[in-house]
Structures are given as structure tokens and as C-alpha cells.
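The values are calculated or read from the model by the stated rules, or taken from the named source; none is laboratory data. Since we're looking at a predicted model, the values are computed, not measured. Here Cβ is always computed from backbone atoms with ideal geometry, including for glycine, and neighbour counts include all displayed protein chains. Keep in mind that these areas ignore ligands, DNA and RNA; they rest on the heavy atoms of the full protein, side chains included. Shrake-Rupley method; radii C 1.70, N 1.55, O 1.52, S 1.80 Å.
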Amino acid sequence: MYILAIETSCDDTSVAIVENGRIIRSNVVSSQIETHQRFGGVVPEIASRKHVESITWILEEAVDQAQVSLQQLSAIAVTQGPGLVGSLLVGVMAGKALASALGLPLIGVHHIAGHIYANQLTHDLEYPLIALVVSGGHTELIHMEAPGRFHIIGRTRDDAAGEAYDKVARAMHLPYPGGPHMDRLAHEAEHAVTMPRAWLEPDSYDFSFSGLKSAVLNVVNQAKMRGEAVQTAQIAKGFQESVTEVLVEKASRAVREYGAKQLLLAGGVAANRGLRSKLAERCAELQVPLLLPPLSLCTDNAAMIGAAAFLKWDKREYAALDLKAEAQLDLEQW
Ligand code: KG4
Ligand code: ZN
């Protein structure tokens, strides 16, 4: 069976056709990065206007590339939330229009469920598992006992990991989004500027990155005040080591405590080379398989939405045509 999936929650317009929740027949992603770069971040009004401009040709392109006709589709899936409401609305309206014109069921998908199920496009999932979701808007540790059942055991109390990467990068005048540039610089540096780690209470799975962000801003400002060059690469290395160490420690503690059969990484920051290699080392020690999506499936794309939608299709959990885009959709109630 084929699901046509749409993702427009932030600044990427994407349409995919996924076969049986596992095989990508097409996955067209149009990034708006160049448009938002000059503002140093995503401008919501511009993002939704760009989605309107692109959605039709991306739909056509996805159908063409898949070599699947509209009549062969079994369902239309769309990201319902969370995200920027003006951006989500464009995808939701396109999804409803297609579902109603073709007489197909509509499936609303939670964006984070999509990031997690991106892993199912390349691996078999085994439960119970722990998912570490790290993106521009989310940092969550999730315990999953069964398919589609999400129990959030830890989350960020302030900035998301990707958000912290982007803000620190911006302070050092790196282009938006800063995560990939920080990752590259961290690998170029030999030495790291020592940065704090926020462990919080000993038994907590929560995260906090705002103290680390302030520490980086302090180092940058002090260098500027003294008229010295900002040691961008060393700072990036120190920042990355701090973020990675806390993520790896908490994720591996959760794997042990919940007896997880797999640790699964998801979200845009899952593309981070430092995080991928440290998690791989730790999982080898723990003898627990680490599931990493390929780089193209880490950042926002519609194939992951098609993969997650398959779960709901299997259970006939369809949405009504009055489905609403929700900026703050709850993963556990999804
Ligand atoms: O999942 P995503 O595409 O969008 C959201 O749902 O937020 O994640 C985007 C985030 C951005 O903050 C970006 O800087 C970060 O992922 N990111 C990275 C890397 N590649 C993307 N952060 C660190 N290292 C990377 N290599
Ligand atoms: Zn995302």
C-alpha cells in the first residue's frame, strides 16, 4: 500500500510516497534555508508563504518520481503538529484537499513520531526501546514499550539542543542553521574551551542548555572586550563536548533502567557527527544496538511522516476532514 505524506511544520516543504511504511518511493524536500538565512532564523510569515508557493509543484514532483499514480494511493498523511501554525496549516489544507478529492482516508501525524519512525525506513524496531529526540524544537528522552506508545521520561527545561546550537552559532556570526557549522568547527579544533555541564538532579532525565549557552556567550563577549580574536573552533568543540556528554550519559542511563533493546536517535541534531560517534561507542559498551537514521532522514522530511502514518493506517485511526493544525500537539496523547 502507498501513503502520500506531507510535512510543512517549519521551513522545509516536503512530500513523499512511502510503500508499506518502509520503502521510500519518493521524498522531495524543498528547503527555505536561503530565504531565512539573512534574518538569522526562521521568519514564520515568510515560511508559510513559501510553503504555499511550493506545495503544488513538490506534490507533482513526488508523484512523478515515485511512478505511482494517485489512484494507487491508500491514504494521505500530514504533519498535524507541533510546529509553526501558519506552516502546518498549508500542509494540513493540502492533505485535506487531496484526501477529499481522491476519497482517501486522512491521517494526522505528530512531527516527533515522524522523526522517531524515520528509523523504521532503514531498520526493524524492537521494543521496549529508548528514543533520544534532538531537534531544533525538541530535546526528549522517550520510552516506548510498544509501537506508537510514547512515554516522555525527560525533556529540556529551556532551549532545545538544536536551538542552543543555532543561538551560540549566531553569536559567533556563523550562518543559519548553525548546528552543522558548529559540528564541522568542533572537528577542526585540537583543544576545547572548558564548558559547564547541566546534570540537574541526580535521577532526572531532563535537560537544560541555557546555562551552557550563557557560558559560551560570556567567553565570546570577554574575548571581544579584550580585543582578542574569538576562538570559534575551540568554543564549538567545548560546546559540543558538553552537549554530547550530557545526552549520552542520560540516554545510556535510560537504556539500562528501562531494559531497552535498542537506543534510537532522531531529529535534526541526530546528524551531529560528535553525537553519533559518542553514542556508538557507548552503545557498543552497553551491547545495545544503536539506530541512527541516514543523514538525509535526520532533518525534516515527509518520508518519516509516511512511516509513522503506517502505524495509524494499520489501526484504521483516521482523522476527520476537520483535522486542525496544532502548534502544541501532545505526543503521549497522539
Ligand atoms: O529536525 P529539524 O530539521 O527541525 C526541527 O524539527 O527542529 O532540526 C533542525 C535542527 C537545527 O537546529 C540544526 O542546527 C540542527 O538540527 N542540526 C545540527 C546538525 N545538523 C542539523 N545540529 C548539530 N550538528 C549537526 N550536524
Ligand atoms: Zn523536525
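Check LEU104 against each of (1) over 14 Å from ALA75 (Cβ atoms); (2) open to solvent by 20 Å² or more (accessible area, probe 1.4 Å) and name the one condition it does not meet.
(1)
Please pick out the residue among VAL219, VAL255, VAL243, VAL248 that is within 13 Å of ligand 1 (Cβ to nearest atom) and part of a helix (DSSP H, G or I).
Details: VAL219 fails: within 13 Å of ligand 1 (Cβ to nearest atom); VAL255 fails: within 13 Å of ligand 1 (Cβ to nearest atom); VAL248 fails: within 13 Å of ligand 1 (Cβ to nearest atom).
The conditions single out VAL243.
Just give me the residues in region 157-184 being over 18 Å from LEU297 (Cα atoms), open to solvent by 30 Å² or more (accessible area, probe 1.4 Å) and within 13 Å of ligand 1 (Cβ to nearest atom), in sequence order.
Residues satisfying the conditions are GLU163, ASP166, LYS167, ARG170, LEU174, PRO175, TYR176, HIS181, ARG184.
Residues to consider are SER69, SER26; find the one that is more than 21 Å from the chain's Cα centre (by Cα) and either charged (D, E, K, R) or more than 30 Å from LYS167 (Cβ to Cβ) (or both). Give the derivation first.
Details: SER26 fails: more than 21 Å from the chain's Cα centre (by Cα).
Result of the check over SER69, SER26: SER69.
Within the set of pairs 6+ apart or on separate chains, which have a first residue in region 182-199 that is touching a residue at least 60 places away in the same chain (Cβ under 8 Å), a second that is open to solvent by 100 Å² or more (accessible area, probe 1.4 Å) and outside any loop (DSSP other than H, G, I, E, B), and C-beta atoms under 9 Å apart?
Once the first residue is touching a residue at least 60 places away in the same chain (Cβ under 8 Å) and sits in region 182-199, its partners that are open to solvent by 100 Å² or more (accessible area, probe 1.4 Å) and outside any loop (DSSP other than H, G, I, E, B) give ASP183/ARG273; ALA186/ARG273; HIS187/ARG273.
With VAL63, VAL29, VAL52, VAL42 as the choices, which residue is assigned to a strand (DSSP E or B) and open to solvent by 20 Å² or more (accessible area, probe 1.4 Å)? Before you say what the answer is, go through the steps one by one.
Working: VAL63 fails: assigned to a strand (DSSP E or B); VAL52 fails: assigned to a strand (DSSP E or B); VAL42 fails: assigned to a strand (DSSP E or B).
So the residue among VAL63, VAL29, VAL52, VAL42 that is assigned to a strand (DSSP E or B) and open to solvent by 20 Å² or more (accessible area, probe 1.4 Å) is VAL29.
Please determine, by comparing only the residues of region 284-328 that are among the hydrophobic types (A, V, I, L, M, F, W, C) and out of contact with any Leu (no Cβ under 9 Å at 6 or more places or on another chain), which one is nearest to ligand 2 (Cβ to nearest atom).
Initial filter on region 284-328 (among the hydrophobic types (A, V, I, L, M, F, W, C)): 284, 286, 288, 290-292, 295, 297-298, 302-305, 307-311, 313, 319-321, 323, 325, 327.
Now restrict to residues that are out of contact with any Leu (no Cβ under 9 Å at 6 or more places or on another chain): 295, 305, 308-311, 313.
Numbers: LEU295: 14, ILE305: 10, ALA308: 12, ALA309: 16, PHE310: 19, LEU311: 18, TRP313: 21 Å.
Only one residue tops the list, namely ILE305.
If GLY91 passes every condition in (1) open to solvent by 10 Å² or more (accessible area, probe 1.4 Å); (2) touching a helix residue (DSSP H, G or I) at 6+ places or on another chain (Cβ under 8 Å) but one, which one does it miss?
Answer for GLY91: the failing condition is (1).
Filter region 107-156 for residues that are surrounded by 16 or more Cβ atoms within 10 Å (Cβ to Cβ) and aromatic (Phe, Trp, Tyr); which is farthest from ALA77 (Cα to Cα)?
Step by step, filter region 107-156, then rank; the result is PHE150.
Assuming ALA97 fulfils every condition listed in (1) open to solvent by 10 Å² or more (accessible area, probe 1.4 Å); (2) in contact with a Ser or Thr (Cβ under 9 Å, 6 or more places away or on another chain) apart from one, which condition is it?
(2)
Can you confirm whether ALA146 is out of contact with any Asp or Glu (no Cβ under 6 Å at 6 or more places or on another chain), part of a loop (DSSP other than H, G, I, E, B) and farther than 22 Å from GLN32 by Cα?
On the way: out of contact with any Asp or Glu (no Cβ under 6 Å at 6 or more places or on another chain): yes; part of a loop (DSSP other than H, G, I, E, B): yes; farther than 22 Å from GLN32 by Cα: yes.
In short, yes.
When the residues of region 260-274 are filtered to those that are away from ligand 2 (no atom under 16 Å from the Cβ) and part of a helix (DSSP H, G or I), which remaining residue is least open to solvent (accessible area, probe 1.4 Å)? Give the steps one after another, and end with the answer.
Quick first cut of region 260-274, residues away from ligand 2 (no atom under 16 Å from the Cβ) only: 260-263, 273-274.
Retained after the next criterion (residues that are part of a helix (DSSP H, G or I)): 273-274.
Details: ARG273: 122, GLY274: 11 Å².
Out of the qualifying residues, it is GLY274.
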